[in-house]
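The next block holds one structure in the form of structure tokens; read it before the comments.
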């Protein structure tokens with residue numbers, strides 16, 4: 001995305017601010033159902049029943065119409081069973097999916113990049129665990145009946161036995177992790193009746209996704225095939241939590257057979273003690289994915305037979321990767337990104353929060369707006385979320401505010417598109433300096449970063465020694 005007068009391809013930036021027909025109505029129906037979940041569906045009040053019915057009306061012109069209407073009617077009468085709640089979860093997902101598709105279409109039109117066509121659905125291997133999935137669905141049903149205002153420790157803790165059993169099944173760990181995290185959030189907020197504010201959208205998102213993943217086969221993600229060619233990293237999206245961390249690398253993949261380049265992702269997640277913070281998280285992440293070292297050193301990777309899903313997610317295995325040559329993310333963004341095909345999105349992942357499209361901005365003016373930093377690109381203002389810049393890297397909000405070029409992710413939230421910076425270029429004493437969110441992924445000589453790495457080394461060594469002692473006793 002470079003202004004046209006500089007020879008670039010930013011031709012339709014104004015589309016980001018234009019209204020999308022039907023968007024507000026779809027989100028309003030979702031919000032209404034979320035409020036119904038807040039109140040609880042055991043003995044729905046008239047306004048609660050109306051909100052559930054509103055969800056059914058919103059999908060009246062779709063294949064879900066008949067089943068959703070029946071589910072809404074039974075729910076309004078206080079007689080909803082698990083199948084009805086699964087149907088309502090599917091309707092909510094379909095509405096948010098339509099919002100996702102409309103936003104993705106608008107972004108593609110504005111960016112002018114080619115879009116990949118969604119592949120035909122292909123069933124994965126079905127795992128024989130219906131009892132555990134049914135137990136999880138029963139717990140989720142109880143939550144919906146109680147509502148977020150009605151939860152207590154007894155209701156939330158009922159998930160513990162189910163989660164424990166699911167963790168013993170490798171094929172169910174995705175669902176188990178979701179349920180465990182969801183239950184942890186609810187437990188920290190109990191009793192629900194004392195909450196000043198309920199995170200209705202977030203908890204409804206988690207409940208909906210968990211409910212649909214109890215349908216046998218819904219969580220299957222078979223690999224589309226393998227990838228052989230050159231991987232050119234663009235940047236790292238790092239997420240750090242109290243008990244875990246995840247690094248997701250966005251990159252351009254150039255197939256060895258000469259076919260069109262495509263955008264791909266590779267992610268690694270690890271548990272972490274709460275004493276490991278900042279740059280120390282790289283010590284936990286780095287051993288699990290050699291790609292992080294390549295990103296930190298500014299190199300490409302050569303892939304040979306790397307498994308990849310239809311959505312462009314590399315199922316990373318170091319055995320299928322080797323170090324490549326020097327690769328500057330800004331050169332990749334300027335040269336390779338404009339022709340790269342965007343990823344497709346899996347059906348259950350179609351949600352506005354999942355929109356994260358790599359973009360390159362140059363020739364903009366950065367300034368402080370009413371709600372934070374803004375970029376003025378070709379006469380149009382685009383908000384910048386500097387709050388997503390991780391502390392585990394040299395990139396800072398101040399650097400973003402004085403930058404002249406940016407590699408980032410185009411996202412959408414609270415009614416508008418915005419940019420999440422992954423790397424910026426700025427001019428310092430007449431020289432162009434690049435700062436990357438993943439700049440410390442391979443290690444750092446920065447004083448603060450090195451101190452955090454040292455602290456992480458000591459903390460991890462102590463924890464490993466204690467864990468080994470426990471295993472020996």
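The values are calculated or read from the model by the stated rules, or taken from the named source; none is laboratory data. Predicted model, so just to flag it, every value in this text is computed and none were measured. Cβ: placed from backbone, ideal geometry, glycine included. Neighbour counts: every protein chain shown.
Those residues that are under 18 Å from the mean Cα position of the chain (by Cα) and crowded, with 19+ Cβ neighbours inside 10 Å, I need them from the range 191-205; list them, please. If the condition is that a residue be under 18 Å from the mean Cα position of the chain (by Cα) and crowded, with 19+ Cβ neighbours inside 10 Å, then 203, 204, 205 are the ones that fit. Only one of the listed residues (402, 386) is touching a strand residue (DSSP E or B) at 6+ places or on another chain (Cβ under 9 Å), under 30 Å from residue 201 (Cβ atoms) and at pLDDT 90 or above. That residue is 386. For the range 247-261, the set of residues classified as modelled with pLDDT under 95 and touching a strand residue (DSSP E or B) at 6+ places or on another chain (Cβ under 6 Å) consists of 260 only.
Any residue at all in the range 107-125 that is within 21 Å of residue 84 (Cα to Cα) and either at pLDDT 90 or above or not in a helix (DSSP H, G or I) (or both)? Checking the range 107-125: not a single residue is within 21 Å of residue 84 (Cα to Cα) and either at pLDDT 90 or above or not in a helix (DSSP H, G or I) (or both).
Going through the range 368-379 one residue at a time, which ones are without any contact (Cβ under 8 Å) to a residue 24 or more places away in the chain and either touching a strand residue (DSSP E or B) at 6+ places or on another chain (Cβ under 6 Å) or part of a strand (DSSP E or B) (or both)? The answer is 369, 372, 374, 376. Checked against (1) more than 17 Å from residue 292 (Cβ to Cβ); (2) over 19 Å from the mean Cα position of the chain (by Cα); (3) outside any strand (DSSP E or B); (4) free of Cβ contacts under 8 Å to residues at least 60 places away in the same chain, residue 426 passes all but condition (3). Return yes or no: is residue 219 at pLDDT below 90, assigned to a loop (DSSP other than H, G, I, E, B) and surrounded by 19 or more Cβ atoms within 10 Å (Cβ to Cβ)? Against the criterion (at pLDDT below 90, assigned to a loop (DSSP other than H, G, I, E, B) and surrounded by 19 or more Cβ atoms within 10 Å (Cβ to Cβ)), residue 219 qualifies. Checking every residue in the range 396-408 against the condition of being surrounded by fewer than 21 Cβ atoms within 10 Å (Cβ to Cβ), part of a strand (DSSP E or B) and not assigned by TED's automatic domain parsing to the domain that holds residue 282 gives at least one match. Counting only helices (runs of 4 or more DSSP H) that fall entirely inside the range 11-81 and contain at least 3 residues that are under 26 Å from the mean Cα position of the chain (by Cα), the qualifying elements are 23-39. Checked against (1) outside any loop (DSSP other than H, G, I, E, B); (2) not assigned by TED's automatic domain parsing to the domain that holds residue 235, residue 330 passes all but condition (2). On inspection, residue 430 qualifies as over 19 Å from residue 286 (Cα atoms), modelled with pLDDT under 95 and not assigned by TED's automatic domain parsing to the domain that holds residue 240. Within the range 73-96, the set of residues being under 11 Å from residue 42 (Cα atoms) and buried (at least 23 other Cβ atoms within 10 Å of the Cβ) comprises 75, 80.
Scanning the range 314-349 for residues that are within 22 Å of the chain's Cα centre (by Cα), crowded, with 20+ Cβ neighbours inside 10 Å and more than 23 Å from residue 109 (Cβ to Cβ) yields 314, 316, 329.
Restricting to the range 262-289, count the residues that are part of a loop (DSSP other than H, G, I, E, B) and crowded, with 19+ Cβ neighbours inside 10 Å. The number of residues fulfilling the criteria is 3. For the range 448-457, the condition holds for no residue, the condition being that it is part of a strand (DSSP E or B), outside the structural domain of residue 284 (by TED's automatic domain parsing) and surrounded by fewer than 19 Cβ atoms within 10 Å (Cβ to Cβ). If the condition is being surrounded by fewer than 24 Cβ atoms within 10 Å (Cβ to Cβ) and either in contact with a helix residue (DSSP H, G or I) (Cβ under 9 Å, 6 or more places away or on another chain) or over 22 Å from residue 408 (Cβ atoms) (or both), then the range 242-256 contributes 242, 243, 244, 245, 246, 255, 256.
Within the range 189-216, the set of residues being more than 20 Å from residue 241 (Cα to Cα), without any contact (Cβ under 8 Å) to a residue 40 or more places away in the chain and outside any helix (DSSP H, G or I) comprises 190, 196, 197.
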